[in-house]
1. Longer than 25 Å from Cα to Cα, which of B:Lys124/B:Lys197; A:Lys37/A:Lys231; B:Lys14/B:Lys72; A:Lys116/A:Lys231 are they? Say none if no pair is.
2. Estimate the FRET efficiency between A:Glu154 and A:Ile13 by the formula 1/(1 + (r/R0)^6), using the beta-carbon distance for r and 60 Å for R0, to the nearest 0.05.
3. Please state the charge dipole magnitude for the stretch A:59-217, taken about the Cα centre, from unit charges on C-beta atoms (+1 on K and R, -1 on D and E), reported in debye and rounded to the nearest 20.
4. Amide H neighbours of B:Phe218 under 5 Å, counting only residues 5+ apart in sequence or on other chains, H built in-plane at 1.01 Å?
5. For chain B, what mean projected area does the convex hull of the alpha carbons give, in nm²?
6. What list of ³J(HN,Hα) values in whole Hz, one per residue of the stretch B:24-41 in order, does the Karplus curve 6.51 cos²θ - 1.76 cosθ + 1.60 (θ = phi - 60°) give from phi, with Gly and Pro shown as x?
7. Let me check something: with ligands and nucleic acids excluded, how do A:Tyr66, A:Tyr371 order by accessible area (1.4 Å probe), largest to smallest?
8. Lys/Arg Cβ at +1, Asp/Glu Cβ at -1, dipole of the stretch A:228-349 taken about the Cα centre: which of A:Ser252, A:Tyr347, A:Thr299 is farthest positive-ward?
Amino acid sequence: MKIAFKLAFRNLIGAGLRTGLNVIVLSFSFVVIIWAKGILVGWDHQAKNDMEQWEIGKGQFWHNQYDPYDGFTITDSHAPIPNEFKPEIEKGEMVPMLFAQGTIYPQGRMQPAMIKGIPASQNLLKIPTHKLDSVTDAIPAIIGEVMARSSHLEKGSRVVLRWRDSKGTFDATEIEIVDIFSTTVPTIDVAQVWINLETMQEKLLLPEQATLFSFANAEENRPAVGDFRLKTKKELTAEIDAMIKTKNAGQSVFYFILLLLAMLAIFDTQILSIFRRQKEIGTYVALGYTRQQVVTLFTVEGAMHAVLAAALAAVYGIPFFIWQARVGFTVPMDTSEFGMAIAPTMYPIYSVGLILSTTLIVLLTTSVVSYWPARRIAKMNPTEALRGKIQ
Amino acid sequence: MENSAIIQINQLIKRFPMGKGEFTALKGINLNFGTGEFAGLIGPSGSGKTTLLNIIGSLDTPTKGEAVVLGKSISKLSAKESAKLRKESLGFIFQSYNLLQVHTVFENVEFPLLLLDYTTLERKKMVMDALEWVGLTDKVKSKPPQLSGGECQRVAIARAMVKKPSLVLADEPTANLDAANSHNILQTMLNLNRELKTTFIFATHDEKVIGYLKRKIFLKDGLVDQEEWMNQ
C-alpha cells in the first residue's frame, strides 16, 4: 500500500496539467462546500444570537392562550403578572410584555399592526426601549426599519393608533415615532409598534397584566407559573433550525452538482488512463505487480486527487475563509422581509467537524469513482496490455 | 546447454480463440534452457516466439503441456505466485522499452526494487550500479521523453537487471534502434550475461541480435524448426 501511495503520487505529479486541472476543480468544490456550509452555520449562529439578544433572552414564559400564528388568541392572551416573577423583573432579569392587535393610519391609510408594550427601563433585550421615555404630547413609540419603510414613517412622524381595550371598546390616539431601530429579527420589526408597558396596560385596561416574559436565567425546565408556560430557547429557535435544515438540503443539490463535475473529471481521467496507459499497466504486471495491486494503484491515484485538492484548497481556501470570517458575506439583496433573522452580512463559522466531514465525503466519493473504472484492469490480459491493444 | 536447466518446456501447446474457432500459436514445443545462456527464439511474425516468451515469463499460461521456470510450473501458479516469480526472479526488456514516462530514469530503474524489501540506501546503491552497467549515471534525473531510443533501451536493461534476476526475457529489444545503438545494447547485455551469469532469452528476427546469440532456436509455425549452438 505504501508503494501504491508513493507511485500514485509520482504518477500524479508526473501527469502535470491533467492532474492540475482535476485538482483545481476538486479544490474549488472543497472551498465552496466548506464556505457555503460555514455560511449556514454562521447564519444559524447569528440568527439565534440575534433572537436571544433582541427578542427571547434565554427563554420565555408564554400565556397559555398565546399563539403567535393565530391572531384570534391575542385578545385573551394575558394574565396578571405572577408574584413569582416580580423579584426577577425588579432585578431586570425578566421583561414582561403585553400584546394587542391594533391599526395605524399612516398617510390616511389603514395598516394592521401588533402593539407591544414593554418596560422602557428594561436592559435585557437590545430593543432601544429607553427612547420610550421621551417627553412628547403623543404616546412615544418605536418601530423597526422594515416597519418604518412599509408604513412610510420616520423619526418624528405622528400617526393615529387604534386598538380595542379589554372591555371591547375601540379607542384611538396619536403616537409619535421617537426612534427607528435596525434589527435582523423580523418578529420584532415587521408590523410591530412598541410602546411603554404601563401605557399599554392603561390603554387596554389591563393593569399589571402581560402576555409573555423574556428572561435572562438560562435554567432549563423551569416550571409553569400560573397561566404562563415555559418556552425554552431551543423551542423558540426551532423554526430557524428547520429553515436551516431545509436550506441545507437545498444546498446539498448544489454541492452534489459541484462534486459531480469534479467526479466526472476524475472518472474520465481514470477511464482514459486505463485505455491510454495499457502498456504501463502491462509493465507493472510484468515487473511483479498483481492485477489487484494495479487496481489499488489506480484507485489510490484517483483518490489522491482529493488529497492534493485538499492541500491546494488549504493554500487558497484558508486565507479566503479567514477573510470571509472577518468581513462576512453581504447578501446581494434585501433580506429584511424574508420572515426570519438574516443579517445583511453573514459571517461564516467553520468547525473542525465541518472540514473533516467535507474532506471525508470528497475523499470517499473520489475513491469510489476511481475504483469503478479501475476494476476494468482486473479483466485485462497483461500480454495484450503490454502491446497496448485496446480491449 | 551451459549449466543445469532452469527452464523445461515439454509438449507446450498454446491456442488462442479467433473468431468462432481457435488459432494454435504453439504446437508442441520441447525446449530446455540452462543457467547463463544467451539464447534467442528466432522466427518471422506469427511463428510463436513472443507467445513462448510470455509463457516463460508467466504472463500467459499454456493450453496444454508444461513449462517449468526456475522450478515452478507456470500453469499451476496462482496469480499471486506468478507475480512473485516475476517480481523476484525475472527481468523483462520490451521492444518499445515500456518505461514509465512520468518517472525519472532513477525511478524507472528503482521500480522493481520497490516491490522487494530493500531499504532506501540499498535501492539507491543498486540503481546506481545498474545505471553504471549501462553507462547512464549522468541521466538519473532525466525522464524517458528526454532520452534517445538507445538510452531508453539501456534504462530498460538497467531496470531488468537491477535486482540481478536469474532470467531476462527480451522481446525484440533492438527493433526500434539503429545499428550502432543495437550493437551497443547487445554488447551491454552480453557483458552482463558474462559477469552476472544471468540467462538471457530473446525473441527476435533481427540479424544484428542473431549475430550475438550463443544459441539460436528457429521457430516456424509454432514448432521448433532448427537449433544452432555457437562456439564460445
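The values are calculated or read from the model by the stated rules, or taken from the named source; none is laboratory data. For clarity, every value in this text was computed on a predicted model and none was experimentally measured. Cβ placement follows ideal geometry from the backbone for every residue including glycine, while neighbour counts extend to all protein chains displayed. Accessible surface is based on the protein model in full, side chains and every heavy atom, while ligands, DNA and RNA are left aside. Shrake-Rupley method; radii C 1.70, N 1.55, O 1.52, S 1.80 Å.
1. Details: B:Lys124/B:Lys197 23 Å; A:Lys37/A:Lys231 29 Å; B:Lys14/B:Lys72 18 Å; A:Lys116/A:Lys231 19 Å.
Where the Cα-Cα span goes over 25 Å, the pairs concerned are A:Lys37/A:Lys231.
2. Working: r = 65 Å, r/R0 = 1.08.
Result of the calculation: an efficiency of 0.40.
3. Details: 13 positive and 20 negative charges, 77 e Å.
Taking the Cα centre of the stretch A:59-217 as origin, the dipole is about 360 debye.
4. Amide H neighbours of B:Phe218, under 5 Å, 5+ apart: B:Ile42, B:Asp225, B:Gln226, B:Glu227, B:Glu228.
5. Details: hull surface 51.4 nm².
The orientation-averaged projected area of the Cα hull of chain B comes to 12.9 nm².
6. For the stretch B:24-41, the Karplus curve yields 9, 7, 10, 10, x, 8, 10, 8, 10, 10, x, 5, x, 6, 10, 10, x, 9 Hz.
7. Values: A:Tyr66 20, A:Tyr371 105 Å².
Descending order: A:Tyr371, A:Tyr66.
8. Comparing the listed Cα positions along the dipole, A:Thr299 ranks first.
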